[in-house]
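Notes for the one structure printed next.
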Amino acid sequence: MINKIISIQITAFLGTLLLFGCSQNQEKTEQKAIPIMEWKFIKEIPLGDIAPIGIASQGNFFWLSDVDNNRIVKIDFEGQIIEEFNGFERPMHIAIQGDKIYIPEYSTDSIKILENGNISNYEINEQPDAIGGVAINGNTVAIADFYNNRIILNQGDKTNIIGKEGHNDGELYYPTDIDIHNNLIYVADAYNNRVQVFDFKGKYVKMIGWNEGINVATGLKVTDTQIIIADFEGNRVLVYDLDGKLLQTLSGNFNKLEFLQKVGQKS
């Protein structure tokens, strides 16, 4: 029985959303029962001319960043547009906190905040060079600084820089998406073909997915029990537990996971 809907930040491609539901089984151990979440395909949502990169769920609706049409749209489960806001410049992976939608603009190196139909600017203390994604947790804002190969972490009036260009542990090569969970920062380290995890001080904690032959790690979602990664060109979604153990691979319904396919050059 389906009892939870994934917020599908990792299932947008070629003008279509794939909606997955989750059933929960209990795996018994000597110590306790551990919930095992298994995702199954539910339905395909046609999007017409919408080219989604960033996706966030809000109640019974989804917010999408429509990169080709430089707009943000709110849709229902049938793909019908409820609201749209135009005039953005290559909006990327978005984040929601309360009534605020944080919209990183790849072309302007800035983050816009959409709240109750009004648009304002989020102040960034460091200068990014193309923003791939943003994550919000309380007063903590994490920004994937794509071309600078780093993460900008704002906590109130304090700013910390995490990572640098490279291929070793703790180094990044074009970070595209980001999430925050349990005081840890999860980064889609796109062209290092993995996800990396850091603490708020910038200390490297661990990496996930390097053994699975990820082509490009472009989309990321972290839940209370799982880490979900979109593999661009691999046409699949990989589901891990929080320790990095592969639990499930979703494939067969994808045809190029879009996300950052159009981020080859900044314009």
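Values quoted throughout were computed directly from the atomic coordinates according to the rules given, and no laboratory measurement underlies them. Quick caveat, the model's predicted, so the values are computed rather than measured. We place every Cβ from the backbone using ideal geometry, glycine too, and count neighbours over all the protein chains shown.
Could you go through the range 83-89 in sequence order and give the Karplus-derived ³J(HN,Hα) for each residue, using 6.51 cos²θ - 1.76 cosθ + 1.60 with θ = phi - 60°, rounded to whole Hz, and x for Gly and Pro?
Values, residue by residue: 9, 8, 10, 9, x, 7, 10 Hz.
Using the Cα gyration tensor of the range 30-130, with a ≥ b ≥ c the square roots of its eigenvalues, what is the shape: rounded (a/c below 1.5), prolate (a/b larger than b/c) or oblate (neither)?
Because a/c hits 1.5 or more and a/b fails to exceed b/c, the range 30-130 counts as oblate.
For residue 181, enumerate residues with amide H under 5 Å from its amide H, sequence gap 5+ or separate chain, H modeled in the peptide plane.
Placed amide hydrogens put 186 under 5 Å from residue 181.
Taking H as built 1.01 Å from N, whose amide H comes closer than 5 Å to the amide H of residue 149, not counting residues under 5 places away?
For residue 149, whose amide H was placed from the backbone, the distant partners under 5 Å are 174.
Could you give me the ³J(HN,Hα) list for the range 48-61, computed from phi with Karplus coefficients 6.51, -1.76, 1.60 and θ = phi - 60°, whole Hz, x at Gly and Pro?
x, 8, 6, 10, x, 10, x, 9, 8, 9, 8, x, 9, 9
Could you list which residues have their amide H under 5 Å from that of residue 247, counting only those 5 or more apart in sequence or on another chain, with H placed in the peptide plane?
Residues meeting the criterion, in which the H sits 1.01 Å from N, are 239, 240, 241.
Which order, highest average first, do 119-125, 140-146 follow once you tally other Cβ atoms within 10 Å for each residue and take the mean per peptide?
Ranking, from highest mean packing down: 140-146, 119-125.
Using +1 on the beta carbon of Lys and Arg, -1 on that of Asp and Glu, and nothing else charged, what's the dipole of the range 102-152 about the Cα centre, debye to 20? It would help to have the intermediate numbers written out before the result.
Details: 2 positive and 7 negative charges, 24 e Å.
Charge dipole of the range 102-152: 120 debye, to the nearest 20.
Mind checking the dipole of the range 159-249: about its Cα centre, +1 per Lys or Arg Cβ, -1 per Asp or Glu Cβ, Debye to the nearest 20?
Using only the charged Cβ atoms, the result is roughly 120 debye.
Whole-Hz Karplus ³J(HN,Hα) for the range 107-118, in order, using 6.51 cos²θ - 1.76 cosθ + 1.60 and θ = phi - 60°, x for Gly and Pro?
Per-residue couplings from phi come out as 7, 9, 6, 9, 10, 9, 10, 9, 9, 6, x, 9 Hz.
Which of the residue pairs 201/221; 43/206; 74/201 have a Cα-Cα distance greater than 32 Å in the structure shown?
43/206; 74/201, as the Cα separations exceed 32 Å there.
Mind ranking 160-168, 60-68, 185-193 by how tightly packed they are, going by the mean number of other C-beta atoms within 10 angstrom, highest first?
185-193, 60-68, 160-168
Under 18 Å Cα to Cα from residue 158, which aspartates and glutamates show up? Leave out anything in the same chain fewer than 8 places away.
Candidates past the 8-residue exclusion: 123, 126, 145, 199.
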